[in-house]
1. What number of residues within the stretch 59-88 satisfy the criterion of being part of a loop (DSSP other than H, G, I, E, B) and surrounded by fewer than 22 Cβ atoms within 10 Å (Cβ to Cβ)?
2. What is the one condition in (1) under 26 Å from Ala173 (Cβ atoms); (2) β-branched (Val, Ile, Thr); (3) assigned to a helix (DSSP H, G or I) that Thr134 does not satisfy?
3. Name the one entry in Glu185, Glu222 that is in contact with a Gly (Cβ under 9 Å, 6 or more places away or on another chain), closer than 24 Å to Ser108 by Cβ and not aliphatic (A, V, I, L, M).
4. Quick one: count up the residues across the stretch 101-130 that are out of contact with any Asp or Glu (no Cβ under 7 Å at 6 or more places or on another chain), touching a residue at least 12 places away in the same chain (Cβ under 8 Å) and either farther than 20 Å from Leu158 by Cα or aromatic (Phe, Trp, Tyr) (or both).
5. Filter the stretch 247-265 down to the residues that are of a type outside the set (A, V, I, L, M), touching a residue at least 60 places away in the same chain (Cβ under 8 Å) and touching a Leu at 6+ places or on another chain (Cβ under 8 Å) and list them by number.
6. Could you grab me the full set of residues in the stretch 31-55 that are in contact with a Phe, Trp or Tyr (Cβ under 6 Å, 6 or more places away or on another chain) and either assigned to a helix (DSSP H, G or I) or not polar (S, T, N, Q) (or both)?
7. Out of all the residues in the stretch 306-347, which are in a loop (DSSP other than H, G, I, E, B), at pLDDT 85 or above and not β-branched (Val, Ile, Thr)?
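The values are calculated or read from the model by the stated rules, or taken from the named source; none is laboratory data. Computed from a predicted model, the values in this text were never measured in an experiment. Here the Cβ positions follow ideal geometry from the backbone for every residue, glycine too, while neighbour counts run over all protein chains shown.
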Amino acid sequence: MKKRSLQIIGTLIFSALALYAALHGVDFTEVSAALEQVRLGWLLLTLGLILLTLVVRAQRWRIFLGRKLSFRDTFGLINIGYLVSGVLPMRAGDPARAVAASARGPVSALAALSTVVVERVLDMFLVVIMLIVTLPFVPGLRAYLAGGQVAGSLSYQLIIGLSGVLALGLLVAFVLVALFPQKIEALARRVLALLHIPNPERCLKPVQHALDGFIALRSAREGAAMLLWSVLLWIVTPLYFLTGLQACPFIPGGDSVLKAAVVTWSSAFGMVFPATGGLGSFHFAVREALFWGFDIAREPGFTYAVIVHALAYLTGIILGALTLLVWGISFKSLVSNAQQVEPSPEFNSPSPS
């Protein structure tokens with residue numbers, strides 16, 4: 001309990017820092033004036049594309065789960081995850097949807113969580129590819145990433161490159177785990193024997209459940225389907241950022257497709273920061289990407305970030321709450337059960353999950 005309390009306090013501090021960074025130096029008079037210019041028609045189209053990304057995510061996750069759940073179930077579970085992550089710290093949405101999945105069909109919470117880990121890593125890999133493809137066309141942002149450093153030694157650009165290599169390495173490792181589960185289980189047995197763990201079979205149960213989450217990766221056909229749905233996801237996502245740009249006439253025109261692609265990967269990396277629901281970190285990343293990459297003032301950049309984030313954030317929360325209501329699941333009990341499951345890696349897509 002002490003460790004969890006420290007985690008919560010840490011996350012709240014990070015969230016406060018992210019909000020401070022996003023709001024610092026912003027003239028809210030200009031933000032208010034920009035909001036009055038928003039084009040409702042384009043905003044509705046953006047909302048429609050956000051809903052389409054939820055459909056794509058739900059269908060992809062159904063494949064990850066070995067098609068053991070219906071599309072209706074995975075769609076509801078995806079939104080439950082967004083609801084929980086949007087209102088609670090420590091990205092509790094992933095374990096929450098894993099626990100809820102175990103109540104909807106023949107899949108364990110650990111197996112479902114394993115699929116979420118694979119899903120996140122695949123998304124990271126594709127986002128890094130998008131970054132590598134677009135960055136040469138945005139010299140200002142490239143210089144910013146090359147010049148910025150962490151701990152005075154690692155440039156942002158190097159960290160991003162390493163994250164891509166790490167994601168690729170993890171994907172290869174996941175495929176190997178899926179293809180050779182008996183070897184992984186045998187290795188776990190040897191480790192437990194070396195540690196002289198009593199009743200090792202009981203300790204192996206979580207390992208076996210986690211390995212179940214990689215079953216779909218054993219099939220080349222299912223693997224190809226996952227990849228195709230993932231590519232589709234990362235085509236539709238920039239489209240809703242693009243229509244969001246069209247809804248905001250205060251953002252200078254030109255290079256809209258490039259801007260949308262840059263916003264997609266910058267917001268994804270902004271969501272890595274452990275702020276609840278991406279509040280602050282999403283806005284800061286988008287604002288700075290538009291400023292350094294396209295010389296767009298921070299006020300309109302921040303306003304645009306508020307609009308696209310609010311649409312996705314509120315959509316996930318509303319649909320998640322409706323799902324809990326229809327399914328008769330208590331939010332409190334769901335979160336309580338989810339606390340028994342370890343959360344997935346700290347990478348998030350540019351969605352309120």
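1. Looking only at the stretch 59-88, we keep the residues that are part of a loop (DSSP other than H, G, I, E, B), and these are 65-70, 88.
Still in the list and also surrounded by fewer than 22 Cβ atoms within 10 Å (Cβ to Cβ): 66-70, 88.
Here the count works out to 6.
2. Going through the list (1) under 26 Å from Ala173 (Cβ atoms); (2) β-branched (Val, Ile, Thr); (3) assigned to a helix (DSSP H, G or I), Thr134 breaks only (1).
3. Values: Glu185 fails: in contact with a Gly (Cβ under 9 Å, 6 or more places away or on another chain).
One residue alone meets the criteria, Glu222.
4. Here is the first cut: in the stretch 101-130, the ones out of contact with any Asp or Glu (no Cβ under 7 Å at 6 or more places or on another chain) are 101-103, 106-107, 109-110, 112, 114-115, 117-130.
Of the ones still in play, those that are also touching a residue at least 12 places away in the same chain (Cβ under 8 Å) are 101, 103, 106-107, 109-110, 112, 114-115, 117-130.
Narrowing the set further to residues that are either farther than 20 Å from Leu158 by Cα or aromatic (Phe, Trp, Tyr) (or both) leaves 101, 103, 106-107, 109-110, 112, 114-115, 117-120, 125.
Here the count works out to 14.
5. Of everything in the stretch 247-265, just one residue is of a type outside the set (A, V, I, L, M), touching a residue at least 60 places away in the same chain (Cβ under 8 Å) and touching a Leu at 6+ places or on another chain (Cβ under 8 Å), namely Trp265.
6. Taking the stretch 31-55 and keeping what is in contact with a Phe, Trp or Tyr (Cβ under 6 Å, 6 or more places away or on another chain), we get 34, 37, 46, 49-50.
Within the stretch 31-55, Ala34, Thr46, Leu49, Ile50 meet the criteria.
7. Kept after step one, since they are in a loop (DSSP other than H, G, I, E, B), are these residues of the stretch 306-347: 328-330, 339-347.
Add one more test, that the residue is at pLDDT 85 or above, and what stays is 328-330.
Matches in the stretch 306-347: Gly328, Ser330.
A quick yes/no check of all residues on (1) surrounded by fewer than 22 Cβ atoms within 10 Å (Cβ to Cβ); (2) among the charged types (D, E, K, R); (3) in a helix (DSSP H, G or I):
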| position | (1), (2), (3) |
| --- | --- |
| Pro252 | yes, no, no |
| Ala260 | yes, no, yes |
| Trp265 | no, no, yes |
| Phe273 | yes, no, no |
| Val286 | no, no, yes |
| Leu290 | no, no, yes |
| Ile296 | yes, no, no |
